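Here the structure is laid out as structure tokens; the discussion comes afterwards.
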Amino acid sequence: MAGDASPRASAKPGGSQPELLELPAPTAWPMALAFGVTLIFGGLVTNLAVSLVGIVVSLAGAIGWWCQVLPVEQIEEIALPPVAERLRPIAPSTAPVERFRLGKAGHRVRYPVEVHPLSSGIKGGIVGGIAMAVVALLYGAIFQRSIWYPINLLSAVAMPSMAQADVSQLRAFSGTALILGIIAHGAISILAGLLYAVILPMLPKRHTLWGGLIAPLLWTGFLWALLGFINPALNARVDWGWFIASQIAFGLAAGYVVSRSHPVATMQTWPLAARAGVQAAGPGPEEEGKP
């Protein structure tokens, strides 16, 4: 049968008989048919004329594809290189494959096997938020001569007036800015701590490197690009060097607290009845040997 992708020999002048591989000839008619069907359905939500054009294109694609196969299948012959020039078959490797240890109940192991409790993420977020606040307040006291500067700058996310305020206003005390800053800083710190508790078990070891350096650098770069697009005036007031230092302080403190927590086994190690939430008695002694 033609087009069965089987090599065959074909005589050439001079006595050489290279092997030829018969393959179906390339054609664009299937794509034309698919495009026509797309136009038919697209016209249902746009215009009837689009569906009419789709019907014409679909018929043309179907007829062209039919003629490509029947009554005679269109094929093309590809000359194979000589046997000596072909790629050698891949030799199977005899190295053993390291296999995962099966969990309880015989199901496949999924990673991570153990996770940190969410309570550790909350504690880590609180501790990291305190460490971050200390670095930020230190920056305000040394370089801005006011501990209220970083607090007012943080509250500018929810107070547009603070984003447009001058340096003297940012250095002055504001009760509203203080409340908003504490709420925003606490909420973001706890959410980031929970994120640490979820993500750290899925990363390779060296949690201090991931949580204390790489993650703060990644989200600092994201915030820098986002803030520069949304609020360039506020972006210009942020000292990004000290901002990175405060983020690293948060990452080190939060990552340390989370990594020191006692891990909890995931549900994959539980029996099926426990994972399904079914309370059932175990098999009796006479049933344990049954399949």
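Yes or no: region 226-244 includes at least one residue that is under 27 Å from the mean Cα position of the chain (by Cα) and within 30 Å of S261 (Cα to Cα). Yes, there is a match, as at least one residue in region 226-244 is under 27 Å from the mean Cα position of the chain (by Cα) and within 30 Å of S261 (Cα to Cα).
L33 meets all of the listed conditions (1) in contact (Cβ under 8 Å) with a residue 24 or more places away in the chain; (2) under 25 Å from L20 (Cβ atoms); (3) under 37 Å from the mean Cα position of the chain (by Cα) but one, namely (2). When you check A60 against the structure, is it among the aliphatic types (A, V, I, L, M) and within 19 Å of L33 (Cα to Cα), yes or no? Yes.
Within region 185-218, being over 17 Å from P263 (Cα atoms) and surrounded by fewer than 16 Cβ atoms within 10 Å (Cβ to Cβ) holds for G186, A187, L191, L209, I214, L217, L218. Contact annotation: residue pairs with Cβ atoms under 6 Å, 6 or more positions apart or on different chains, pairing a residue in region 159-171 that is free of Cβ contacts under 8 Å to residues at least 40 places away in the same chain with a partner that is of a type in the set (G, A, S) and part of a loop (DSSP other than H, G, I, E, B), are M162/A156; R171/S146. Anything in region 38-79 that is among the hydrophobic types (A, V, I, L, M, F, W, C), within 25 Å of L23 (Cα to Cα) and either surrounded by 16 or more Cβ atoms within 10 Å (Cβ to Cβ) or at pLDDT below 85 (or both)? List them, or say none. A62, W65, V69, L70, V72, I75, I78, A79 - these are the residues of region 38-79 that are among the hydrophobic types (A, V, I, L, M, F, W, C), within 25 Å of L23 (Cα to Cα) and either surrounded by 16 or more Cβ atoms within 10 Å (Cβ to Cβ) or at pLDDT below 85 (or both). Applying a threshold of 6 Å to beta carbon distances and a minimum spacing of six or more residues, or different chains, the list of pairs starting in region 71-94 at a residue that is closer than 16 Å to A25 by Cα and ending at one that is part of a loop (DSSP other than H, G, I, E, B) and at pLDDT below 80 reads E73/A2; E73/G3; I75/A2; I75/G3; A79/P18. In summary, A187 fulfils each of the numbered conditions (1) modelled with pLDDT of 85 or more; (2) touching a helix residue (DSSP H, G or I) at 6+ places or on another chain (Cβ under 8 Å) with the single exception of condition (2). Tallying residues that are surrounded by fewer than 22 Cβ atoms within 10 Å (Cβ to Cβ), in contact (Cβ under 8 Å) with a residue 12 or more places away in the chain and either closer than 30 Å to L200 by Cα or of a type outside the set (K, R) (or both) within region 141-153 yields 4. Of the helices (runs of 4 or more DSSP H) lying entirely inside region 123-214, those containing at least 2 residues that are of a type in the set (S, T, N, Q) span 148-155, 167-171, 175-199.
For every residue, the table says whether it meets (1) over 25 Å from S120 (Cβ atoms); (2) touching a Leu at 6+ places or on another chain (Cβ under 8 Å).
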residue: Y149; (1), (2): yes, yes
residue: S168; (1), (2): yes, no
residue: I190; (1), (2): no, no
residue: L200; (1), (2): no, no
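The values are calculated or read from the model by the stated rules, or taken from the named source; none is laboratory data. Keep in mind that this is a model prediction, so the values were computed, not measured. Note that we place each Cβ from the backbone using ideal geometry, even for glycine, and neighbour counts take in every protein chain shown.
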